[in-house]
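Encoded as structure tokens, the structure appears first; notes follow it.
The values are calculated or read from the model by the stated rules, or taken from the named source; none is laboratory data. What you see is a predicted model, and the numbers here were worked out from it, not measured in a lab. Quick reminder, even Gly has a Cβ in these numbers, built from the backbone with ideal geometry, and neighbours come from all protein chains shown. Surface areas here come from the heavy atoms of the whole protein model, side chains and all, with no ligands, DNA or RNA. Shrake-Rupley method; radii C 1.70, N 1.55, O 1.52, S 1.80 Å.
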Amino acid sequence: HPVAEAIVAAARSKGLALGEPADFVAEPGFGVRARVDGHLVEVGADRMMRQLGLDVGVFAASAARLADQGKTPLYAALDGRLAAIIAVEDPIKPTTPAAIEALHRLGLRIVMITGDNRRTAEAIARPLGIDEVVAEVLPTDKAEVVKKIQKDGAVRVAFVGDGINDAPALAQADVGLAIGTGTDIAIESADVVLMSGDLRNIPNAI
């Protein structure tokens with residue numbers, strides 16, 4: 001997973017020794033857990049910490065500051081006790097603003113559907129001019145969001161995605177556009193495959 005890879009890379013860059021995980025479990029939309037050197041380590045979103053009965057309120061100020069910077073706050077628990085807040089960021093590609101501007105010129109409405117918390121999602125969407133944000137969506141629910149947009153707006157919907165969890169939404173949309181550098185299942189579920197991650201290819205395809 002890209003987030004896990006980023007955290008591991010950051011730890012290695014600081015020269016930290018990494019223990020071998022055992023009993024690894026990933027819960028899509030929530031987080032991961034494993035035993036490392038005999039300790040239970042759980043890392044995930046605030047919803048995972050709530051599920052564990054842990055109060056992340058002690059990190060509220062830090063989480064708000066990170067979210068306003070467009071970073072996603074994640075939390076780590078060690079042996080059932082809240083231990084740390086971790087920020088991850090998915091930088092916006094330099095070509096994305098031009099892609100969104102071109103889509104707006106075509107008269108299209110742009111909706112961001114994301115598992116990120118609302119504050120982070122809106123901090124990313126605002127400078128890009130994205131019209132609507134649907135945040136804190138579990139991976140399994142993206143297709144339902146697409147279906148609701150189709151029903152409520154009586155419009156045709158094009159959905160762009162690249163992950164395993166995007167496949168149902170790509171299939172539900174009137175037109176599914178997969179990023180060619182993404183997962184095989186996303187590509188197989190789509191009507192159109194974009195050959196790179198440059199989103200200017202979306203208006204070109206349309």
### Task
Using per-residue counts of other Cβ atoms within 10 Å, averaged over each peptide, order 186-195, 162-171 from highest down.
162-171, 186-195
### Query
For the chain, what Kirkwood radius comes out of the mean inverse Cα-Cα distance, in Å?
18.5 Å
### Task
Just tell me which lysines come within less than 24 Å, Cα to Cα, of residue 151; anything on the same chain fewer than 8 places away is out.
142
### Message
With the crude spin-label approximation of a point 7 Å out along Cα→Cβ, what separation in nm comes out for residue 9 versus residue 196?
### Response
2.0 nm
### Query
Which residue, 17, 83, 158, has the most motion in a Gaussian network model of the chain that connects Cα atoms within less than 10 Å?
17
### Message
What number comes out for accessible area per residue over segment 1-118 if the probe is 1.4 Å? Units Å², please.
### Response
62 Å²
### Rounded tilt (10° steps) of 118-128 against the dominant C-alpha axis of the chain
40 degrees
### Query
Ordered by packing density, taken as the mean number of other Cβ atoms within 10 Å over each peptide's residues, highest first, how do 115-121, 51-57, 149-155 rank?
115-121, 51-57, 149-155
### Radius 13 Å from Cβ of residue 64, net charge of other residues (Lys, Arg +1; Asp, Glu -1)
+1
### Task
Please give the net charge around residue 179, taking every other residue with its beta carbon less than 10 angstrom from that of residue 179, where Lys and Arg add +1 and Asp and Glu add -1.
-3
